[in-house]
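A.B. asks: Following this message is one structure expressed as structure tokens.
Read-outs: derived from the displayed coordinates by stated rules, not from any lab. Everything quoted here is computed from the prediction, not taken from an experiment. We place every Cβ from the backbone using ideal geometry, glycine too, and count neighbours over all the protein chains shown.
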Amino acid sequence: MPQFEFSLSRPTELGRLAGMVTSASFSDALDAIAEQADAVEGDTLEIGVQGFPPARFELVISSPDGAITWRPTTKKAA
């Protein structure tokens, strides 16, 4: 199973949580991180596998029942 390295932060904090998750799929890794880290809307996730640049996502609430979705995002220029 692949190991995904990740870093999760909030707009008001830097580097809130970082680590590694082993999961059968990328989708399962995103779900596990959201659950275990108590992620909230607006959190930013950088996630990837060793040897490749990480992908960036922002957590959004996608429906009235509270289902979450990670929306791809790009890094803003300084």
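A.B. asks: Peptides 1-8, 47-54: what's the order by average Cβ count within 10 Å, highest mean first?
C.D. replies: The densest-packed peptide leads the list: 1-8, 47-54.
A.B. asks: Turning to a different aspect of this structure: For the chain, place one equal point scatterer on every Cα, skip the solvent, and apply the Debye formula. What is log10 of I(q)/I(0) at q = 0.11, 0.26, 0.28 Å⁻¹?
C.D. replies: -0.26, -1.40, -1.54
A.B. asks: 5 Å is the cut-off here: which amide hydrogens, built 1.01 Å from N in the peptide plane, fall below it relative to SER23, excluding neighbours closer than 5 in sequence?
C.D. replies: PHE4
A.B. asks: What net charge is computed for the residues neighbouring LEU17, neighbours being all others with C-beta under 14 Å from the C-beta of LEU17, Lys and Arg scored +1, Asp and Glu -1?
C.D. replies: -4
A.B. asks: Which of LEU17, LEU59, LEU30 ends up with the largest GNM mean-square fluctuation for the chain, with Cα atoms connected below 10 Å?
C.D. replies: Residue with maximal mean-square fluctuation among LEU17, LEU59, LEU30: LEU17.
A.B. asks: Once phi is turned into θ = phi - 60°, what whole-Hz ³J(HN,Hα) does the Karplus curve with 6.51, -1.76 and 1.60 give for every residue of region 46-52, x standing for Gly and Pro?
C.D. replies: Coupling constants for region 46-52: 10, 9, x, 10, 4, x, 10 Hz.
A.B. asks: Let me ask another. Long-range amide H contacts for THR73: which residues qualify at under 5 Å (H placed 1.01 Å from N, peptide plane, sequence gap of 5 or more or a different chain)?
C.D. replies: Correct list: ARG56, PHE57, GLU58.
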